[in-house]
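A short write-up of the structure that comes next.
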Amino acid sequence: STPHDGLGRHAAQLARLVPEAFPGTEPAAAPADPDSGRFLLFDAVAATLRIASKRRPVLVVIDDLHAADRASALLLAFLARAVNDCGAVLIGTYRDAEAHSTPALVDALGELSRSASRIALGGLDTSGVRAVLEGWQGAPPAAGLVDRIHRVTDGNPFFVREIVRLLATDSVLDDAGSFRIPDGIRETVRRRLHPLSAPVRALLAIAAVAGREFDAVMVSRAATLEMIEFLDLLEPAIAHAVVDEIPGSGGRFSFRHALIRETIFDDLSPAVRIRLHGDVRDALEQLFLADPDRYAAELAHHALAAAPLGDERFVEHGVRAARSAMQHMAFE
């Protein structure tokens, strides 16, 4: 068989798109009406899949749809309607936050969803992480290692793979047994942060200093922002799947992955880290007055980290944190 078999008039349309696949076929002339031209081309692609699926089942997998242009997304939406009754199956994968923050894709993906089934994928559970490790080691991994990798990656398959890949050289573990962040993960996080504005990234830096989970009131005060300004700045980070609101927490948020927070924190210069620890300490001191027991340990941590600024309040806060720990029988 040849690429021409059964395509008839469609071959000339496809020759416009991939002329090398149709040698000797004169490409169809572009019609005066762009919409008509698009329909004829899309219809030719659908005919190719329908004809091919009569010979044997066809599976088409398209990765990274969030990087597609609008025309490609419209073609996929057309195919979803045109080939849903034949032996062809189309699977497309995309990162939800990036796709829905790209104006050119929003309408096309909405149209696609009317003719397709959408499956939301979460991270691997501990059994999935264990399977990845076992496949790499060839033997059952230690339960503690599985739990640690799952905890820092939240089961993100790419993050798990990068850590597992570097475990072979032991370079992913530091002297304290904590994970160093592989360069591949750092670059992935930086790409996710790149579309965010400078003010949003500055707010995320304060939040990263505060911790994996952070309090809206405390971070907004550290950033000297009104709450409405804080929420407006945080919204793009939520839309880009960098930060999530913790349901039922009363204004607490969390970085989507521990490794996102650690990458942001590690990219700060030592001087900036110290200054931001000071800002967080000052904000916590205001909250401490209303609820000393809740903030004692957190305040002592940031006061000590800000000590190079020349402020000795860390001594007072450290003593208070120690007394609070004693009261809760946390002697260690």
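When you check Ala67 against the structure, is it surrounded by fewer than 19 Cβ atoms within 10 Å (Cβ to Cβ), in contact with a Leu (Cβ under 8 Å, 6 or more places away or on another chain) and small (Gly, Ala, Ser), yes or no?
Numbers: surrounded by fewer than 19 Cβ atoms within 10 Å (Cβ to Cβ): yes; in contact with a Leu (Cβ under 8 Å, 6 or more places away or on another chain): no; small (Gly, Ala, Ser): yes.
So Ala67 fails the test.
Exactly one of these conditions fails for Glu312: (1) open to solvent by less than 20 Å² (accessible area, probe 1.4 Å); (2) free of Cβ contacts under 8 Å to residues at least 40 places away in the same chain. Give me its number.
(1)
For the range 238-250, does any single residue satisfy the condition of being in a helix (DSSP H, G or I), open to solvent by less than 60 Å² (accessible area, probe 1.4 Å) and in contact with a helix residue (DSSP H, G or I) (Cβ under 9 Å, 6 or more places away or on another chain)? Please lay out each step first, then the result.
Pass one, the range 238-250, residues in a helix (DSSP H, G or I): 238-239.
If we keep only those that are open to solvent by less than 60 Å² (accessible area, probe 1.4 Å) as well, we get 238-239.
After this cut, where a residue has to be in contact with a helix residue (DSSP H, G or I) (Cβ under 9 Å, 6 or more places away or on another chain) as well, the list is 238-239.
Scanning the range 238-250, I find at least one residue that is in a helix (DSSP H, G or I), open to solvent by less than 60 Å² (accessible area, probe 1.4 Å) and in contact with a helix residue (DSSP H, G or I) (Cβ under 9 Å, 6 or more places away or on another chain), so the answer is yes.
Take the residues in the range 178-217 that are touching a helix residue (DSSP H, G or I) at 6+ places or on another chain (Cβ under 7 Å), modelled with pLDDT under 85 and not in a helix (DSSP H, G or I), then tell me which one is farthest from Gly251 (Cα to Cα).
By that ranking, first place goes to Pro182.
Checking the structure you have, find out if any residue of the range 112-127 is open to solvent by 70 Å² or more (accessible area, probe 1.4 Å), under 27 Å from Gly211 (Cα atoms), assigned to a helix (DSSP H, G or I) and touching a helix residue (DSSP H, G or I) at 6+ places or on another chain (Cβ under 9 Å).
Checking the range 112-127: not a single residue is open to solvent by 70 Å² or more (accessible area, probe 1.4 Å), under 27 Å from Gly211 (Cα atoms), assigned to a helix (DSSP H, G or I) and touching a helix residue (DSSP H, G or I) at 6+ places or on another chain (Cβ under 9 Å).
Enumerate the helices (runs of 4 or more DSSP H) found wholly within the range 1-92, keeping only those where 1 or more residues are aromatic (Phe, Trp, Tyr) and without any contact (Cβ under 8 Å) to a residue 24 or more places away in the chain. Show your work before the answer.
Numbers: elements: 10-17, 34-55, 70-82.
So the answer is 34-55.
When the residues of the range 128-141 are narrowed to those that are free of Cβ contacts under 8 Å to residues at least 12 places away in the same chain and within 18 Å of Arg165 (Cβ to Cβ), which ends up surrounded by the most Cβ atoms within 10 Å (Cβ to Cβ)?
For the range 128-141, the residue satisfying everything is Pro141.
Do the conditions hold for Arg95, that is, is it closer than 30 Å to Asp244 by Cβ and touching a residue at least 40 places away in the same chain (Cβ under 8 Å)? Explain how you work it out, then say what you get.
Details: closer than 30 Å to Asp244 by Cβ: yes; touching a residue at least 40 places away in the same chain (Cβ under 8 Å): yes.
For Arg95, the condition - closer than 30 Å to Asp244 by Cβ and touching a residue at least 40 places away in the same chain (Cβ under 8 Å) - is met.
The values are calculated or read from the model by the stated rules, or taken from the named source; none is laboratory data. From a predicted model like this one, the values you see are computed outputs, not experimental measurements. We place every Cβ from the backbone using ideal geometry, glycine too, and count neighbours over all the protein chains shown. Surface accessibility is based on the protein's heavy atoms, side chains included, excluding ligands, DNA and RNA. Shrake-Rupley method; radii C 1.70, N 1.55, O 1.52, S 1.80 Å.
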